1. What ranking of 317, 1 emerges when the number of other C-beta atoms within 10 Å of each C-beta is taken as an exposure proxy, fewest first?
2. List the lysines whose Cα sits under 21 Å from the Cα of residue 28, skipping any in the same chain fewer than 8 residues away.
3. Once the Cα atoms of the chain are picked out, what are the Rg and Dmax in Å?
4. Taking a cut-off of 15 Å between Cα atoms, list the aspartates and glutamates near residue 46, but don't count ones fewer than 8 places away on the same chain.
5. Under the rule a/c < 1.5 gives rounded, and otherwise a/b versus b/c splits prolate from oblate, where does region 77-222 land using the Cα gyration tensor?
6. Please give every one of the lysines within straight-line cross-link reach of residue 245, meaning a C-alpha to C-alpha distance under 19 Å, and leave out same-chain neighbours fewer than 8 residues apart.
7. Please check: in the Gaussian network model of the chain (C-alpha springs, under 10 Å), which one of 284, 219, 162 has the largest mean-square fluctuation.
8. So what's the gap between the Cα centers of region 22-41 and region 157-182, to the nearest angstrom?
Amino acid sequence: MKTLFSKRICGQSINLTQYIHDKAKAFKFNDLIDFAIGFPCENINKNLREGAIRALKSNKTIYSPTAGIPELRKIIVKNRLRYNKKDNALITAGVSEAVFLVIASLVNPGDEVIIISPSYFIFQNCVNFCGGKSVFVPLKISGNKFYLDIKEIKKKITDKTKLIVFNSPHNPTGWVADKKTIEELSKIADCRGITILSDEIYKNYIYNRKFYSPEEFTKNVIVVDGISKSFSATGLRIGWIVAEKNVIEKILPLHQLILFCAPTPFQYAAHDLFKNNYKASLKKHIDQYKLKRNLVFNLLSKISEVEVIKPEGTFYMFLRLKNYKNSIEFSEKLLLSKHIVVVPGLDYGKEWGSFIRIAYREPKNKIKEACLRFKEFVS
Ligand SMILES: Cc1ncc(COP(=O)(O)O)c(C=O)c1O
């Protein structure tokens, strides 16, 4: 069939994470260690699973209201500082849909969107889909830390800048923005009338730091978040947008157009999760990830061929390969030779070719084994 696809769709491609996983699967190595996959390896949170089963058994399987079931909308905004009413929330099919809805609702062809780089691929792909232009502001490295230089953001702002995409804790670096950085960014949003899209999906994965949302400092912010990462529930597809009521009302028709509503039984499951005490088990889970972060950092920082920056959040680490410029080639060789999957840094922007992302999600014995094989490979 000779099909002429739209320009919008031709600008899209499958990300390198998927590519490297497809390759790994094809080889069927039985001692493969997945240091790449972007979700926790634990089973789904128990209350969430039981809530889902209960919802299915009681036939909560029809369409919900387009904005989501009222009780879930209410509970997710309950403790928010600014946007804390039910009408401030829209339930989506994961943060992926939430990001798409926000960008598609705000960005006209020709509009510019500032994205902090390295960057999770969906941000620029959504901007591209809408005919907008992604303007990247790379994180800098100083004193073995990533940081955002606000002056660089200011330099990149033009009359066409519509949106700043912000993600802290940050995929792939594990960087966590400090209060001052977020205050300054919020000031820019206020002075220049620019909206901040704040992706807070990793907000619970934070180690020895306090989480700040731009929502605390500006009303020019749209927050997206969800249950995928914190509760090992990537397949339930539940996320949300939190914003001013009029923003939610404007976005709602597009959500109705593409999905009608987020999966109903899993909305009930998420409500069950939040209405019960979930904080103690979440803390245990995060404490485990802090130990894994320390383990992987201690093991990899002994390898002189890589530069390791200690992540302050998420379950990712972004490593610089001192002797490689092409991280795709490196990842392929590492897979073939040591049966370890990592994500090439190029997936997060063209200037990150000498970096790789690892996800320290596996049990500690596997992390140790992976670090050992990694060391043998690079040494
Ligand atoms: C920064 C970021 N935002 C959004 C997502 C997608 O989240 P969801 O599973 O809720 O669609 C991911 C997944 O890796 C992510 O890293």
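Values in this text are rule-based calculations from the coordinates and carry no lab data. Please read these numbers as outputs of a predicted model, since none were measured by experiment. Cβ placement follows ideal geometry from the backbone for every residue including glycine, while neighbour counts extend to all protein chains displayed.
1. If I rank by nearby Cβ atoms, fewest first, I get 1, 317.
2. Correct list for residue 28: 333, 338, 366.
3. In Å, with Rg to one decimal and Dmax whole: 20.6, 58.
4. Within the straight-line limit of under 15 Å, residue 46 reaches these aspartates and glutamates: 272.
5. rounded
6. 74, 78, 85, 86, 219
7. 284
8. The distance from the Cα centre of region 22-41 to that of region 157-182 comes to 30 Å.
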